[in-house]
Each structure stands twice: as C-alpha cells, then as structure tokens.
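Some notes on the structure that comes next.
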Amino acid sequence: MRHSYLLLATSFMIAACSPKVAEDYSTLGRLSKASENGAYMYAHQDDLSYGHRWYLEEGRSDVKDVCGQYPAIIGFDLGRIELGDSLNLDKVPFDYMVRMANAHIENGGIVTFSWHPRNPLTGGDAWDVSSDEAVKSVMPGEAKHEMFREWLKRAADLLESVNGGDGVIFRPWHENYASWFWWGGSLCTAEQYQKLWEMTYDYMVNERGLKGLVWAFSPNGDVDKEEYMSRYPGDGIIDILGLDAYQKGEKEGFMSLLKNRLGYIRELAAEHGKLFALTETGLEGIPEPKWWTDVLDDAIKDSGICYVLTWRNACDRETHFYAPFPGAVCEENFRLFESLPNTLFLDNINKR
Ligand code: BMA
C-alpha cells in the first residue's frame, strides 16, 4: 500500500517537472484543442466593423457590449474585392477590415473570410443565377478565365495583408449544393465546381505562396452524407469540414437537423482526419429569449465542432441580426451562454 502511494507521488512529481510538450498555437492546433476539450469557439460575422444601429466605431462590438468579451473568431467578407472596390458588399472599407482583422489576431483571436464575388459572366451579384455558364466561363481557356485570375489576385492580396495569410480561415464557394449562388448545385457540374476550388487553391497557395491559409468547405445544411461529399474539393485542399444551416422554422426541427448533419460530418471528419465547424448559423432577429443556451448550445454541445459562427448584425436593418446587442430580448441569455464552460470567447480562447 505505502509503496503504491509512493509510486503515485513520484509519478506526479515527474509529470510536474517534465518539460511540457510544445503547445500548438497554430489556428488548426488551437481549434483542435478546443474540440478535444469538448469546447467550441464563438464566432460572429463583421463583429468589429458594425453592429445594430452603428457603423465603423473602432473597438466597438455588439457581442462585447453585451458580455464584456469579443468573440474568439471574427468573420469578414471579401465580396467586391474582385472589382477593386474600396468597400465590400456590406459597405465595410477593405482597409478598415484589414486593420480590424490584424488587430484581432494581435489580440490572440482568429479570423475567417467568406467571399460573395460578383457573377463573372453576367456582371450581376453573387446571387445572380440567371446563367449556368458562369463557372464554366472562368475555366482555363474560357472567356472569363483571365479576368477571374485577376479576381483571385485581388482576393489573395487582401488575404496576404492579414498576417501574411497565416492562420486565416478562408471559406470560399460556400452553400454549394443549393442554387442561390452562381457556383451552386444546378449551375455547374461537380467537375467544374471542384476545378473552381483547385484553381483558387492553386493560385493562392502555389502561385502566391499563401501556405498558411486554412481552408473550409461549407455546404448548405439541407444535404445528406453522400451529397455532402459529392462535390468535396479533396483532402489535399480542405482543412475544415463546415456546415451552413439557419433556423427558419420551429426550434425542434432545426435542432434535430443540426444533430443529424453534425453527426455525419463528425464521422466524415474522423475518416478524413479533419476538423469540423458550424461555419454559419443563426435565427434572424432572435425572438426566442433563451435561444443561445436552450436551442443553439443544446443542439451542438456534444457535437465535437471546433467553432460556431453566427451571421452579421446589420447596422441599417432593424431585424437583420444574429447576435445580441444591448436591449435585445436574448441579451441576458447570451451572457449565460458566454459563461458556459464549453464556449470560448477571446479572453479564454487559450485558457480552456
Ligand atoms: C446575407 C445578408 C445580406 C449580405 C450577405 C453578405 O446573408 O446578410 O444582407 O449582404 O449576407 O454578407
């Protein structure tokens, strides 16, 4: 008996004195640690650029105004960078965006970029699905290929200006099985869609050397396991398997959809050696006072995701918001959500 106590004590001492294995502070390392610990990071789109009834107030954040902490991850969107514009599609100046993104990284946070580029063939917006030749038109040898390479260059320039692209999560060509974007399911073949990814990756990583980018694939939520993989760009490109799914109707249906989808994505992630995340979600206007704990957290807490991103709080549309702000009906519940042991915000991103 005494012996085993001694042994136990000795092994504790050895463990305490042995040099720590170096922590992996890369974006993927930190995300992986969160998920291994049964936690997930909270992310909010455009959090530092504007919020409910305010626009470009440096340091301000609706999330921080409510709970005292910034999100762990901030989302930004590149839409209109391809045109060489100075403002993105939601009127965020690109130079401001870069400054906010670098500041967030400097403070220990993580950033993610989505991209709603214009339709390269028609000149319409990302939602212009009037032609099923748009993806084809940017393929090598086709009419818009050179223009598209210029678009990639402009996107790469911006990503490079954010920490050299290192650790930046890039999530282009999202919600691809639906047909509301020009790269959607009925607008191109699987081969063309995968080629679009290959061209994007090849340009950014091999031509431009942005080897530190982290790549996320994020289909829309209404697909089964087989369909989810049917246009997968490949393990050589993708780092994070994502899912974009919003609550549109009753909470029960939404919660069971999340459990089902994240359940099979977890299996896929294990098979392919990838992390996985709820890359876009939310309930527009959040009329449900306990949505954060009783709907969102309840549906995802055991899922194994590494982060969840809720969409933007528009500054100029009263009910277009997906995170709280002071005075919102879900405000108090969001503070409870923030204090849960499994949710990670900026201050505790490296602690738990
Ligand atoms: C959509 C809406 C739009 C916005 C777009 C890109 O879901 O929020 O108002 O322009 O995302 O951010």
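The values are calculated or read from the model by the stated rules, or taken from the named source; none is laboratory data. All values derive from a computational prediction rather than experimental measurement. Cβ coordinates were reconstructed from backbone atoms using ideal geometry, including for glycine residues, and neighbour counts include every protein chain displayed. Ligands, DNA and RNA are excluded from the accessible area calculation, which covers all protein heavy atoms including side chains. Shrake-Rupley method; radii C 1.70, N 1.55, O 1.52, S 1.80 Å.
Worth pointing out:
- Across the options TYR70, SER131, LEU56, the greatest Cα extent toward the positive end of the charge dipole of the chain (unit charges at beta carbon of Lys, Arg, Asp, Glu) belongs to TYR70.
- Long pairs among LYS33/LYS64; LYS64/LYS91; LYS33/LYS259; LYS153/LYS301, criterion Cα-Cα beyond 32 Å: LYS153/LYS301
- Subtracting the Cα-Cα distance of TYR55 and ARG317 from 0.36 nm times their residue separation leaves 93.1 nm of extension gain.
- Of all DSSP beta bridges confined to the chain, the antiparallel ones make up roughly 10%.
- Solvent-accessible area per residue, Å², over the chain with all protein chains present [probe radius 1.4 Å]: 42 Å²
- Scoring 98-107, 64-73 by mean Cβ neighbours within 10 Å over their residues and listing the highest first yields 64-73, 98-107.
- Cut-off under 5 Å, modelled amide H: who pairs with LEU243 long-range: ALA277, THR279, GLU280
- Amide H contacts of ASN88 (H built 1.01 Å from N, in plane; Pro and chain starts excluded): PHE94 sit under 5 Å, all sequence-distant by 5 or more or on other chains.
- 5 angstrom amide H check on LYS274, placed H, neighbours 5+ away: none
- Residue-count net charge about ALA126 - beta-carbon cut-off 11 Å; Lys, Arg +1, Asp, Glu -1: -3
- Estimated FRET transfer efficiency when R0 is 22 angstrom, pair TRP180-SER230 (beta carbons, to 0.05): 0.75
- Global geometry of the chain, whether rounded, prolate or oblate, following the gyration tensor of its Cα atoms and the 1.5 cut on a/c: prolate
- Relative contact order %, the stretch 309-352, counting alpha carbon pairs below 8 Å whose residues are six or more apart: 20 percent
- Computed over the chain: relative contact order in percent, which uses C-alpha pairs under 8 Å that are six or more apart: 23 percent
- Solvent-accessible area, 1.4 Å probe, carbon plus sulfur percent, for the stretch 209-352: 48 percent
- Maximal additional length on extending the TYR246-TYR264 stretch stands at 4.7 nm, based on 0.36 nm per residue less the C-alpha distance.
- Percent RCO, i.e. relative contact order, over the stretch 213-307, from Cα pairs under 8 Å lying at least 6 residues apart: 32 percent
- Total charge dipole magnitude, the stretch 28-348, about the Cα centre, Cβ charges on Lys, Arg, Asp, Glu only, Debye to nearest 20: 360 debye
- Prolate/oblate/rounded label for the stretch 131-252 (Cα gyration tensor, a/c 1.5): oblate
- Whole-Hz Karplus values for the stretch 68-85 come out as x, 10, 6, x, 5, 10, 10, x, 9, 10, 8, x, 5, 4, 4, 8, x, 6 Hz, taken residue by residue from phi with 6.51 cos²θ - 1.76 cosθ + 1.60 and θ = phi - 60°; glycine and proline positions read x.
- Signed unit charges on C-beta, dipole axis of the chain, positive-most listed residue LEU340, TYR25, THR122: TYR25
- For the pair ASP65 and ASP132, a Förster radius of 35 Å applied to the C-beta separation gives a FRET efficiency near 0.20, rounded to the nearest 0.05.
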